[in-house]
Structures are given as C-alpha cells and as structure tokens.
Amino acid sequence: MLKSTGFPLNRLNYYSISLKAINRPMQLDSSYNKMAESKSRAYPLADSKTTNSLLDLVQQAQNYKQLKKGANEVTKSLNRGHAQLVLLAADTEPLEIILHLPLLCEDKNVPYVYLKSKAALGRACGVSRPVIACVINGDKGSPLKPQIDEAKDAVEQLLI
C-alpha cells in the first residue's frame, strides 16, 4: 500500500499539472528585445537589402568553390591571405566563439559584416546546419570578382 505523503495519489495528474506550468511560453515585452539589440556586440550589422545581396553572393561563391564555412576555416583563410570578405552570424550563442575574427580581419584589412541569422547563412552556404561564419575567398580571374568588389564596397559603407 502507498503511504499518503501529501502528494496526489494519481501521479499522472500531478506530473501533467507541473509540466503545464513548465511548458508555458515565457512572455517578454518589446523593450526586452530592443535592449538586447542595443547591447549587441555584433557591429556592423547588415540591413535587409544588404543581407539579401550578400546571401546571394554566398550562394554563387559556393557554386564556384570559393566559400569556406565555419570559424576554424575562416581563421585559416585569413591567416593564409586568401580571404576577400568575411560574413558572421549575429545570433551566435555564445558570441565569444567568433569575436576573435573581427580583430583578425582588421589586422589583415579584410572587410567583415554580421548577418542576423545563422540559419539563413547556413542555407545560403548550401548546408542543412546553421553556419556562424563563412569567408569568400578570391581567386585570380574569378567570375565573381566584380560582385565581390561591389559587396566589399557595400560592407564598407555600413561602417561610415
């Protein structure tokens, strides 16, 4: 026989009540989101028009095999001097895992920009997983050279 311990004897009812309380979505007001965006260390953040053009360029670079994905590959490309443009995801959690890349980009004089979504960056890179960083490498005689130069100019305009 079960002793009465103060809990309901029907455990199923007890657990379903507590799970309902846990699964309730947390309500955050809009001021919380604005505060999170204003304190973001992801600068420069691309606007929607620039983001779309950059994601199109990433897809084309993937087709021409001029794209490297991931923080480690980006670091290697920057150190080797092949990098032309670095794209970083602003919603990386924790952001510290890619915060060394802007410093390295500034040392190598390579433009970089943050995009809002790592999922969108992953889709543009042609993989099913989110991508937190990617680099477009430049080759001599590349058909993407004019588009890469145009994207670099757009990224540099975000800094002004």
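The values are calculated or read from the model by the stated rules, or taken from the named source; none is laboratory data. Computed from a predicted model, the values in this text were never measured in an experiment. Glycine gets a Cβ as well: all are built from the backbone with ideal geometry, and neighbour counts include every protein chain shown. For accessibility, only protein heavy atoms count, side chains too; no ligands or nucleic acids. Shrake-Rupley method; radii C 1.70, N 1.55, O 1.52, S 1.80 Å.
In this model, which of Lys65/Lys145; Lys68/Lys152; Lys69/Lys118 are farther than 20 Å apart at the alpha-carbon? Result: no pair exceeds 20 Å. Both radii come from the Cα set of segment 48-160: Rg as radius of gyration, Rh as Kirkwood radius; their ratio Rg/Rh reads 0.92. Placing Ile97, Ile148, Ile132 in order of accessible area, with the largest value first and a 1.4 Å probe, yields Ile97, Ile132, Ile148.
Residue-wise HN-Hα couplings along segment 85-101, as the Karplus relation 6.51 cos²θ - 1.76 cosθ + 1.60 with θ = phi - 60° gives them from phi, are 8, 10, 10, 10, 8, 6, 9, 5, 10, x, 5, 4, 6, 10, 6, 7, 5 Hz; Gly and Pro carry x.
For Glu96 and Asn63, a Förster radius of 35 Å and the Cβ-Cβ distance give a FRET efficiency of 0.60, rounded to the nearest 0.05. Computed from label points 7 Å out along Cα-Cβ, the spacing between His82 and Leu103 is 2.5 nm.
Along its three principal directions, the equivalent ellipsoid of segment 95-160 from the Cα gyration tensor extends over semi-axes of 20, 17, 12 Å, largest first. A Cβ-based charge dipole, computed about the Cα centre of segment 66-106 with Lys and Arg at +1 and Asp and Glu at -1, lands at about 320 debye.
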